[in-house]
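First comes the structure, then the notes that go with it.
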Amino acid sequence: MTAGTDQTGTTELAHGFCFGEGPRWFEGLLWFSDMLGEAVHTVTLSGSMTTLPVPGHSPSGLGFRPDGTLLIVSTQRRQVLRYDGDTVELLADLSDVVPAALGDMVVDEHGRAYVGSQARSGGVIVRIDPDGTRAVVAEELDFPNGMVITPDGAALIVAESTARRLSAFTIDPDGSLTNRRVFAEGLDGPPDGLAIDAEGGVWAALTLAQEFHRFSPDGSTVTDRIDADGRTAIACALGGVEGRTLFLVTTTDAYPERLVGTKLSRVDALMVATPAPGDHDDHHHH
């Protein structure tokens, strides 16, 4: 633990689901997937939950398009679904272009979705454009997992779980990913979900290390460490009223198949120093 994060302030927000993934803050709610429970949940800051069942799918990565459409990754079916607030429909089937099950996703300000296919080596990232065009935009990744886009929209950072590193790409105007480089390597454990703050600092869930780390905007140093208290760190998201609530998704085992039928996944919330990118509904920005 370092200065800037008061860990004593951790509060449990939600529990009673099987394997949480893909937390995203959107319009006053934390959205997250229950991959094994075949549902997408929302939870308010006061802890009220809703459930959107997605039977037959193992949902993981989530993302919102600028118009508010929710995109949902269906991992095993290698599909991306869309939810308009009413119905869940197929957006894209990627099974003909990816080598392995899908995992996480990030959606940019133009509504382009970047989706990872989690091969232990030879993993890829596929971009789905708003018009439905699909393109493989990165290859030879070692289990691509969480992804974030920098606040200026210029770069995409991806967690490579088996390599224990974070890699960065330049996002070209057409959505291509170029200039691959190492953002941080030699991590204390395999990274899973990522979140990014207004300074460009990157929060990573380090599964087996049972910690969440914040990396400086240049990736060179770990500025904050949060102990997951003996639990597996799966994913994180920044949000809340001032954008300074870090949501921590944890579970009791790194291997989802061992958790089928359990209800041991949890979401905790904690205040941090640097807010999420963008405007927040508080007096500092008016």
Qualifying residues in the stretch 29-46 (those that are open to solvent by less than 30 Å² (accessible area, probe 1.4 Å) and out of contact with any Cys (no Cβ under 8 Å at 6 or more places or on another chain)) - the one farthest from ALA237 (Cα to Cα): ALA39
Checklist (1) in contact with a His (Cβ under 8 Å, 6 or more places away or on another chain); (2) within 23 Å of VAL148 (Cα to Cα); (3) of a type in the set (Ser, Thr, Tyr) applied to TYR83, failing item: (1)
Looking at (1) out of contact with any Lys or Arg (no Cβ under 9 Å at 6 or more places or on another chain); (2) of a type in the set (Val, Ile, Thr); (3) over 21 Å from ILE149 (Cβ atoms); (4) free of Cβ contacts under 8 Å to residues at least 40 places away in the same chain, can you tell me which one VAL124 breaks? (3)
Give me the pairs: first residue in the stretch 176-188 and on the phi > 0 side of the Ramachandran plot, second residue of a type in the set (Phe, Trp, Tyr) and in a strand (DSSP E or B), beta-carbon distance under 8 Å, and six or more apart or on different chains, which are they? ASN179/PHE169
Might you let me know whether the stretch 51-59 holds any residue that is buried (at least 20 other Cβ atoms within 10 Å of the Cβ) and over 14 Å from VAL115 (Cα atoms)? yes
When you go through (1) open to solvent by 30 Å² or more (accessible area, probe 1.4 Å); (2) over 23 Å from LEU238 (Cα atoms); (3) out of contact with any Asp or Glu (no Cβ under 6 Å at 6 or more places or on another chain) one by one for GLY175, which number turns out not to apply? (1)
Any chance you could count how many residues in the stretch 161-214 are aromatic (Phe, Trp, Tyr) and over 20 Å from GLU21 (Cα atoms)? 2
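Table: residues versus (1) more than 21 Å from THR69 (Cβ to Cβ); (2) modelled with pLDDT under 95; (3) surrounded by 17 or more Cβ atoms within 10 Å (Cβ to Cβ); (4) in contact with a Cys (Cβ under 7 Å, 6 or more places away or on another chain).
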| site | (1), (2), (3), (4) |
| --- | --- |
| SER95 | yes, no, no, no |
| ASP104 | no, no, yes, no |
| VAL107 | no, no, yes, no |
| ALA113 | no, no, yes, no |
| GLN118 | yes, no, yes, no |
| VAL124 | yes, no, yes, no |
| VAL136 | yes, no, no, no |
Subset of the stretch 162-181 (residues that are closer than 21 Å to THR221 by Cβ, in contact with a Pro (Cβ under 8 Å, 6 or more places away or on another chain) and in a loop (DSSP other than H, G, I, E, B)): ARG164
Quick check on the stretch 154-164. Is at least one of its residues touching a residue at least 40 places away in the same chain (Cβ under 8 Å), in contact with a Lys or Arg (Cβ under 6 Å, 6 or more places away or on another chain), farther than 24 Å from TRP203 by Cα and open to solvent by 20 Å² or more (accessible area, probe 1.4 Å)? no
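The values are calculated or read from the model by the stated rules, or taken from the named source; none is laboratory data. These numbers were taken from a predicted model, which means no experiment stands behind them. Methodologically, a virtual Cβ is constructed for each residue, glycine included, from the backbone with ideal geometry; neighbour enumeration extends over all protein chains shown. Ligands, DNA and RNA are stripped out before the accessible areas are found, and what is left, the full protein with its side chains, is counted by its heavy atoms. Shrake-Rupley method; radii C 1.70, N 1.55, O 1.52, S 1.80 Å.
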